[in-house]
1. How long are the semi-axes of the equivalent ellipsoid of segment 44-194, defined as square roots of 5 times the Cα gyration tensor eigenvalues? Whole Å, largest first.
2. Hey, rough spin-label estimate for S112 and R91, points 7 angstrom out along Cα→Cβ, what's it come to in nanometres?
3. Segment 1-114: percent of C-alpha pairs farther apart than 23 Å?
4. Can you tell me which of A86, A210, A61 moves the most in a GNM of the chain? Springs connect C-alpha atoms under 10 Å apart.
5. Gaussian network model of the chain, Cα springs within a sub-10 Å range: biggest mean-square fluctuation belongs to which of T28, T203, T243?
6. Quick one: length gained pulling A143 to M1 fully straight, 0.36 nm per residue minus the C-alpha distance?
7. Which distance in Å, rounded to a whole number, links the C-alpha centroids of segment 40-96 and segment 173-187?
8. Relative contact order for segment 1-144 using alpha-carbon pairs under 8 Å, separation at least 6, rounded to a whole percent?
Amino acid sequence: MKLLILGGTSEAAALARLLADDPRFDPTLSLAGATTKPARLPIATRIGGFGGAEGLARVLAKEGFNLVIDATHPFAAVISANARLACDAARLPLAAIRRPGWIPAAGDHWISAGNLDQAISLIGADPKRVFLTIGRKEVAAAAKAPHHSYVIRSVDAPPPEALPPDTTLVLARGPFNVAAEEAVLREQAIEVIVTKNSGGDATKAKLDAARALGLPVIMVERPPKPAANIEFTSAAEAYDWLTAPHAGLLAKRGV
């Protein structure tokens with residue numbers, strides 16, 4: 001079975017490792033190229049876009065894929081929409097790994113934001129020391145509120161021109177632990193955290209640290225994604241389904 005995995009997440013990497021030595025599958029991992037040095041994985045990997053939904057549909061047909069698995073980031077709404085359109089055009093099934101979102105626990109002080117611009121506005125008019133963990137591509141939104149002081153953490157450095165005037169840049173890749181996150185929040189004198197509801201364990205520690213320190217968290221909620229033919233919550237769940245007897249039906253383009 002020839003699989004195209006749309007990746008860039010820990011779930012995509014985990015599924016790639018599970019499939020790597022299974023002779024029943026011919027998987028290819030597709031990465032958008034957002035990270036300059038992605039981790040090496042033991043399956044064929046392509047980097048870069050497809051040229052929208054039409055370009056992806058052409059690739060699916062030309063290369064004879066049997067199934068697309070959308071294992072992209074919860075906030076990668078464009079590629080997920082393109083995957084749905086491309087699969088419909090190519091008459092292929094679309095599966096998806098949808099990582100569960102974070103849910104506030106007792107003691108949390110979360111403020112929900114529908115998008116990043118709203119999240120920045122919710123910090124308020126009074127200058128604050130802000131811990132910003134939203135990914136490097138969107139930090140320019142913080143420039144609309146230059147009266148705050150920002151500690152921005154991302155895997156790769158954002159473009160210098162996108163940074164607010166008062167910025168401390170921290171380059172780091174998860175997973176993080178609670179003790180270290182508490183130390184960062186204390187040392188940087190953070191007053192509020194702005195983050196996305198990405199879910200997963202790799203970056204959840206900052207939320208546990210915020211709860212312990214009584215800090216508010218402005219949480220950007222997820223954008224909607226199109227429904228897949230079948231959805232999973234983990235790589236293990238997807239692999240179990242792929243290796244079940246009924247999965248062979250996928251080769252006949254059915255789910």
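We did not get these values from a lab; they are worked out from the coordinates using the rules stated. If you're wondering where the values come from, they're calculated on a predicted model, not measured in any experiment. Cβ atoms come from the backbone with ideal geometry, glycine included; neighbour counts cover every protein chain shown.
1. Sorted largest first and rounded, they come to 36, 17, 15 Å.
2. Distance between the two pseudo-spin positions: 4.2 nm.
3. 33 percent
4. For the chain, modelled as a Gaussian network with Cα springs under 10 Å, the answer is A61.
5. In the Gaussian network model the winner is T243.
6. 46.4 nm
7. With segment 40-96 and segment 173-187 each reduced to a Cα centre, they are spaced 35 Å.
8. 21 percent
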